[in-house]
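The values are calculated or read from the model by the stated rules, or taken from the named source; none is laboratory data. This structure is a prediction, so every number in the text was calculated from the model and none was measured. Here the Cβ is made from the backbone with ideal geometry for all residues, glycine too, and neighbour counts use every protein chain on show. Surface accessibility is based on the protein's heavy atoms, side chains included, excluding ligands, DNA and RNA. Shrake-Rupley method; radii C 1.70, N 1.55, O 1.52, S 1.80 Å.
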Amino acid sequence: MADLAPRCLRVLTEAQLEQLADVLVDCVEGGASVSFMAPLTQERALEFWREVAVGVAAGERALLVVEDEQGICGTVQLMLSQPENQPHRADLAKMLVHRRTRRRGLAAELVRAAERTAREHGKTLLVLDAVTGGDGARLYERMGWVRVGSIPGYALFPHGGSCSTTYYYRELGAD
Ligand SMILES: CC(C)(COP(=O)(O)OP(=O)(O)OC[C@H]1O[C@@H](n2cnc3c(N)ncnc32)[C@H](O)[C@@H]1OP(=O)(O)O)[C@@H](O)C(=O)NCCC(=O)NCCS
């Protein structure tokens, strides 16, 4: 069981931006295919999170984090802003847990918290993609997300080599 509860951040401090950048750099170093190639500099990672912060402040995305004694150690985002004919949908993205706190159930807690947050925003359908057969894909399948299908050769791993991605969705009913 995770001993750390996720919370939603609306305004990010410099310290929080640095901690989020640390988490992203650690995940990329660890081989996660999450948009960036290795080596990812702290500066580039910070640039990414500053853009995220703008979207969070604008209410276009929700940012959830979990923290340990060293600061933010896990995060996930909900892309709330969608085309006008899909107001009921959000995308789940950038699920990242620092290697120092993996395998303690934090990602599972983040998924549950993101699903609660999505409901609070009136969302009834969530969509995401994950590296086929990866740690993330296993997590979502364990948590009841429905596998749609895979696209071969979709992206690169940060240290090279291509990976396929698998799409998932989850309907948020009354459960
Ligand atoms: C994917 C990722 C977010 C999972 O984070 P996590 O916090 O380790 O996830 P959880 O702890 O909820 O689950 C991971 C494993 O630990 C196990 N676990 C959970 N709590 C546990 C506990 N208390 N004791 C032992 N094992 C535990 C889970 O059953 C799961 O096992 P599995 O890998 O055999 O399926 C993390 O590996 C990560 O950040 N990877 C890099 C980025 C990435 O790939 N993100 C996904 C993008 S889609």
Kindly list, by first and then second residue, each pair from a residue in segment 91-108 that is over 12 Å from ASP135 (Cα atoms) and part of a helix (DSSP H, G or I) to a residue that is near the ligand (Cβ under 8 Å from one of its atoms) and not acidic (Asp, Glu), limited to pairs with Cβ atoms under 8 Å and residues at least 6 apart or on different chains. ARG99/CYS27; ARG99/GLY30; THR101/GLY74; LEU106/ALA2; LEU106/GLY74; LEU106/VAL97
Quick one: is THR101 within 11 Å of the ligand (Cβ to nearest atom) and polar (S, T, N, Q)? yes
Scan segment 136-171 residue by residue and report those that are charged (D, E, K, R), out of contact with any helix residue (DSSP H, G or I) (no Cβ under 8 Å at 6 or more places or on another chain) and touching a residue at least 40 places away in the same chain (Cβ under 8 Å). GLU171
Of residues in segment 138-175 being open to solvent by less than 40 Å² (accessible area, probe 1.4 Å), in contact with a Ser or Thr (Cβ under 6 Å, 6 or more places away or on another chain) and hydrophobic (A, V, I, L, M, F, W, C), the one farthest from SER33 (Cα to Cα): LEU172
Going by the structure shown, is CYS73 in contact (Cβ under 8 Å) with a residue 60 or more places away in the chain and open to solvent by 10 Å² or more (accessible area, probe 1.4 Å)? no
ALA45: more than 16 Å from the chain's Cα centre (by Cα), open to solvent by less than 60 Å² (accessible area, probe 1.4 Å) and closer than 27 Å to THR132 by Cβ, yes or no? no
Enumeration of residues in segment 4-29 that are small (Gly, Ala, Ser) and surrounded by 14 or more Cβ atoms within 10 Å (Cβ to Cβ): ALA21
GLY55 fails exactly one of the following numbered conditions: (1) open to solvent by 40 Å² or more (accessible area, probe 1.4 Å); (2) farther than 26 Å from ASP135 by Cα. What is the number of that condition? (1)
Please go through segment 1-51 and pick out each residue that is in a loop (DSSP other than H, G, I, E, B), away from the ligand (no atom under 16 Å from the Cβ) and under 20 Å from LEU64 (Cβ atoms). ARG10, VAL11, LEU12, THR13
